[in-house]
Amino acid sequence: MTFSITKDSPIPGSQIFPFFGFVIIGIGIFQAVYHYKNATGKERMSIVDIVDENEEKDPLNARLRRNEGEKFCPYCGTMVQTSFQFCPS
């Protein structure tokens, strides 16, 4: 239907505009699949910590090979002492 609307357009190159709809729908499907796999996967990633470190380990620490005793601020990335509840920076 969208191709039939732009078929007789006097503007040159306007026949490509319906492809933008396909691109947007494709991006939406990709995002839905990616976020579903991230939400249900074992190694999920979140910008905001929603669980305690004791309940679920941070996969980024394993990838960066950080020690178990080290603790980092999720917002600024500075190293924080393990006894601190909040980042001093």
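The values are calculated or read from the model by the stated rules, or taken from the named source; none is laboratory data. Quick caveat, the model's predicted, so the values are computed rather than measured. Cβ atoms come from the backbone with ideal geometry, glycine included; neighbour counts cover every protein chain shown.
In the range 2-12, how many residues are surrounded by 10 or more Cβ atoms within 10 Å (Cβ to Cβ) and part of a helix (DSSP H, G or I)? So the count comes out to 4.
Condition (residue is modelled with pLDDT of 70 or more, part of a loop (DSSP other than H, G, I, E, B), surrounded by 10 or more Cβ atoms within 10 Å (Cβ to Cβ) and not assigned by TED's automatic domain parsing to the domain that holds MET79) applied to the range 13-24: is it met by at least one residue? No.
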